[in-house]
Amino acid sequence: MDSFLIRGGNRLKGRVEISGSKNSSLPIMAACLMAGGKTTLKGVPRLSDIDSMIKLLGALGCDVYRHDANTPALDDGPSLNGPLDISITDETKSVAAYDIVKTMRASICVLGPLLAKRGQAVVSMPGGCLIGDRPVDLHIRGLQKLGTEFRVEKGNIVGTVPGGRLKGRRLYLGGAQGPTVLGTINIMCAAALAEGETVIVGAACEPEVWDCATLLNKMGAKIKGFGTPELHVEGVDNLTGVEHRIIPDRIECGTFMIAAAITNGELELKNCNLDHLVAVVDRLDEVGVRISRENGTIFAASARRLNPVEMTTQPYPGFPTDLQAQLMALLALGDGISVITERIFPDRFLHVGELNRMGGRIRKDGATAIVQGVKELQGASVMASDLRASAALVLAGLVAKGTTQIDRVYHIDRGYEKIEQKLRALGADIVRVKEK
Ligand code: EPU
């Protein structure tokens, strides 16, 4: 298990290219299980979660090939990586086994596409994870409404479609915590090949749903209303492979905005879509961070004084849970008391204890954290837990006095492409210590 050693205190300055979205790439790769011919995906980041999805698609009879970076014929825009070609070679496989699913919950995204295209699926039941219970009941309920029969067998979800084809209908997909992002994508994928029309009421509106719907429509699907809570899907008989560029990673972009703010730096962010970050920009503006856009480049610069704020995580277009920990690291140095409430994953506060080890003064009260700003953080040995909590520790380490050692950085490698290289290029003193 690798570690990061960060010597804090350097102002970050310069230009950084934001990668394609991990959370868009994963369900989109799974959606390729439904298309005949070859699909070419551009901007898919190089991350361990992507490697897991490649392995899973391989086990499900797909051939996945990564081109070299800057492959001329395919290079029509920003990309740190070569495009990914996905084509199906064997449609008899339908088992997503535990050894892959346990490493990546997004494996559940293959359920809808497999049922729609192959009429059956066996997906190991994802367990809980560090950020909470994370049930998949809404995925199951939605697919049941389209005609799937489910049973649980030896820890696996076993789904079969009597007659081989799902049937469209009107259904409600909201849960106690609001809409489900991957659940919406799973049902939308399944509905794309179902017989007749499906209306998903209470659909998630996240840009990742929009991106997957755009891909499916290019493939021949008939989906309307994506980006709104009511999705209309007219089922078609088949889908065909296409070329598609993945949207920029809004969470990585927000993380770098906060990196500029916390280090009192100035960053130029390339390949971002500020329209996906309106709530984030709103909160950062309140804190005093200056964010502006000029000719497709985003500029983020810190204010000397960090104002305390209140923030509640919400489904899109609200403030994303995936940036809650990073904002907390910033507010730990705010000039007063901030209040952060987590409405999506009420237990997602593993970073609180670690930030406090660095001198933070944060108290958790149920799903709320009360953050009393301090003048400085100090370097310490801390443990990366979930992906975004780990990003918060990196941000804290960049500004802390002395050296911060972050263990178990494989969590960060799941979701931030080349993070230490990107930060080093901006002036950070960060090195990866490889496990011997
Ligand atoms: N929920 C249910 N039942 C379900 C599904 C979800 O009760 O069947 C609940 C969840 O427990 C949660 C809420 O609904 O309280 C929303 O969860 P959602 O289903 O939207 O989460 P997800 O689709 O599994 C994706 C991202 C997460 C991100 C959430 C929320 C991917 C691969 N994952 O998960 O990303 O936090 O949406 O925006 O897209 C991350 O990147 O660090 C990460 C955890």
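Readers should treat all values here as calculations from the given coordinates under stated rules, not as data from a laboratory. All of these numbers come straight from a predicted model, not from anything done at the bench. Reconstructed Cβ throughout: ideal geometry from the backbone, glycine too, with neighbour counts over all protein chains shown.
When DSSP beta bridges are limited to those with both residues in the chain, what percentage is antiparallel, rounded to the nearest 5?
Around 70 percent of the beta bridges assigned by DSSP in the chain are antiparallel ones.
For a paramagnetic label modelled at 7 Å from the Cα of E376 toward its Cβ, which residues of the stretch 225-263 fall within the zone defined by backbone nitrogen distances under 12 Å?
Output list for this probe position: empty.
Plugging the Kirkwood radius over Cα pairs into Stokes-Einstein for the stretch 363-402, at a temperature of 4 °C and a viscosity of 1.567 mPa s, what D comes out in µm²/s?
Value of D from the Cα-based Kirkwood radius: 112 µm²/s.
Going 7 Å from the Cα of R170 toward and past its Cβ, which residues in the stretch 184-209 have a backbone nitrogen under 13 Å from where you end up?
197-202
What number comes out for the charge environment of S302, summing +1 per Lys or Arg and -1 per Asp or Glu over other residues with Cβ under 10 Å away?
Here the count lands on +3.
For E195, which sequence-distant residues (separation of 5 or more, or a different chain) have an amide H within less than 5 Å of its own amide H, given hydrogens modelled in the peptide plane?
The answer is L166, K167, G168.
Run the simple label-point estimate for D90 and L5 please: 7 Å along Cα→C-beta, distance reported in nm.
Those two pseudo-labels are separated by 4.6 nm.
Report the FRET efficiency, 1/(1 + (r/R0)^6), for R66 and N238, where r is their Cβ-Cβ distance and R0 is 30 Å, rounded to 0.05.
0.70
Taking amide H positions as placed 1.01 Å from N in the peptide plane, with prolines and chain starts having none, which residues 5 or more places from N156, or on another chain, fall under 5 Å of its amide H?
Under 5 Å from the amide H of N156 lie the amide H atoms of M125, each far enough along the sequence or on another chain.
Once you have the Cα-Cα distance between Y410 and R363, take 0.36 nm times their residue separation minus that, and quote the gain in nm to one decimal.
Once the chain is fully extended between Y410 and R363, it gains 14.2 nm.
How large is ³J(HN,Hα) for each residue in the stretch 298-310, as worked out from phi by the Karplus curve 6.51 cos²θ - 1.76 cosθ + 1.60 (θ = phi - 60°), to whole Hz, x for Gly and Pro?
Per residue, the Karplus-derived 3J(HN,Hα) values read 9, 10, 10, 9, 7, 9, 5, 9, 9, 6, x, 9, 9 Hz.
Could you run the Debye sum over the Cα atoms of the stretch 174-316, one equal point scatterer each and no solvent, and tell me log10 of I(q)/I(0) at q = 0.12, 0.17 Å⁻¹, two decimals?
Log10 of I(q)/I(0), two decimals: -0.61, -0.93.
Peptides 411-419, 361-369: what's the order by average Cβ count within 10 Å, highest mean first?
Top to bottom by mean Cβ count within 10 Å: 411-419, 361-369.
Show the residues, 5+ positions off or on another chain, whose built amide H is closer than 5 Å to the amide H of G379.
Residues meeting the amide H criterion: K401, G402, T403.
Among the listed pairs K102/K375; K93/K218; K42/K422; K42/K145; K13/K55, give every one whose C-alpha distance is greater than 31 Å.
Pairs exceeding the cut-off: K102/K375; K42/K145; K13/K55.
Based on the Cα gyration tensor of the chain, what are the three equivalent ellipsoid semi-axes, each the root of five times an eigenvalue, rounded to whole Å and given largest first?
Square roots of five times the eigenvalues give 37, 23, 20 Å.
Set Lys and Arg Cβ to +1 and Asp and Glu Cβ to -1, take the dipole of the chain about its Cα centre, and tell me which of M219, P179, I340 lies farthest positive.
Of M219, P179, I340, it is I340.
Is it possible to state the helix-based mean residue ellipticity at 222 nm for the chain, with each DSSP H run of 4+ residues giving -39500 (n - 2.57), the sum divided by total residues, to the nearest 500 deg cm²/dmol? What is it?
-8500 deg cm²/dmol
In Å and from the alpha-carbon atoms only, list the Rg and Dmax of the stretch 1-110.
Just the Cα atoms of the stretch 1-110 yield Rg and Dmax of 16.4, 56 Å.
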